[in-house]
Amino acid sequence: MPNTVSRDRAAAFYNALATRDPDRIAPFLDDDVDWLLVGPVELFAYCGQHVGKAAVLDVFHQIGQSEHAHGNVRDFLLVDDDCAAALTRLRNTEIRTGREINFRVAHFARFRNSKVIEYCGMPDSLGKIEQTLGHPLDMTMVPTL
């Protein structure tokens with residue numbers, strides 16, 4: 001039997017992911033999941049590569065200590081064989097400052113036996129950084145390519 005993921009299963013995973021609740025996310029993760037959240041670890045310690053279910057669930061505990069989720073709109077969901085991709089818009093509050101943070105995330109997941117074995121999340125980290133800091137970054141310091 002080919003290893004495919006149903007659209008319903010992929011949607012359920014992304015719905016659980018939107019909650020950022022480790023207990024809701026856990027049933028979707030393979031024990032050996034390879035998880036990458038792209039972003040500057042200097043500002044967002046939960047970004048980077050995480051291997052294993054426990055490490056990934058710890059990421060969501062860290063996120064919960066720094067951000068509170070208020071909304072999630074999924075603009076697209078594409079499913080093909082064992083892969084699913086989604087584009088979402090998130091609305092969070094940064095707990096430390098109380099600032100509302102709105103940004104997009106592109107999600108890519110690979111499933112095996114209905115569990116996520118690989119994940120890559122790519123947020124609009126520049127927009128998130130500026131909103132978290134409360135001001136635009138000074139791009140005059142960045143050399144022109």
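Scanning the stretch 51-82 for residues that are open to solvent by less than 40 Å² (accessible area, probe 1.4 Å) and either β-branched (Val, Ile, Thr) or more than 15 Å from the chain's Cα centre (by Cα) (or both) returns Gly52, Val56, Val59, Ile63, Asp82. Being open to solvent by 60 Å² or more (accessible area, probe 1.4 Å), at positive phi and of a type outside the set (Val, Ile, Thr) is a condition met by at least one residue of the stretch 113-132.
Of the candidates Leu87, Leu17, the single residue that is at pLDDT 95 or above and either closer than 16 Å to Pro123 by Cα or in contact with a helix residue (DSSP H, G or I) (Cβ under 7 Å, 6 or more places away or on another chain) (or both) is Leu87. For the stretch 12-43, the set of residues classified as closer than 25 Å to His70 by Cβ, of a type in the set (A, V, I, L, M), more than 13 Å from the chain's Cα centre (by Cα) and crowded, with 16+ Cβ neighbours inside 10 Å consists of Leu29 only.
The values are calculated or read from the model by the stated rules, or taken from the named source; none is laboratory data. All figures in this text were calculated on a predicted structure; none of them were measured in a lab. Here the Cβ is made from the backbone with ideal geometry for all residues, glycine too, and neighbour counts use every protein chain on show. These area figures cover heavy atoms from the full protein model, side chains too; ligands, DNA and RNA do not enter into them. Shrake-Rupley method; radii C 1.70, N 1.55, O 1.52, S 1.80 Å.
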